[in-house]
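Computed from the coordinates by the stated procedures, all read-outs in this text should not be read as laboratory data. What you see is a predicted model; the values in this text were computed from it and never measured. As a convention, Cβ positions derive from the backbone with ideal geometry for all residues, glycine included, and neighbour counts pool all protein chains shown.
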């Protein structure tokens, strides 16, 4: 029989959100006046497809859409640097070659008590080099990306509500 002699406690602030987390959530979330989750999801899926994403997963019962798109990650300066290093120092030159951009979108009833629907979207990217090694795995936090997405989603939700 095993006995545990020590007991570690969880620090008081371990589950507290810091200021950066709160700011990111605000950037990634918008509330819409409609309570019709299916219309929000349909508008979101259509918008993601219009933006070049392929829907990878869609679980409408839980308000989830996951989509992705593949893009080139080649940077001419990075390729030139890799060639120069290879010429002067020998060996293989590496540079970023391709990337996958992922969007994860979830919906849930808004917590404001007004009966609306909240939408949270996050964007991430994975970058591979010319040897197939992952060089970057990062969340995209550019505010313009999220503002632009939600502006377009607002229009799409309006058009969906008007059956246009």
Sequence gap at least 6, Cα distance under 8 Å: using those rules, report the relative contact order of the range 31-161 to the nearest whole percent. 26 percent
Where does each of 104-111, 43-50 land if you order them by average Cβ count within 10 Å, highest first? 43-50, 104-111
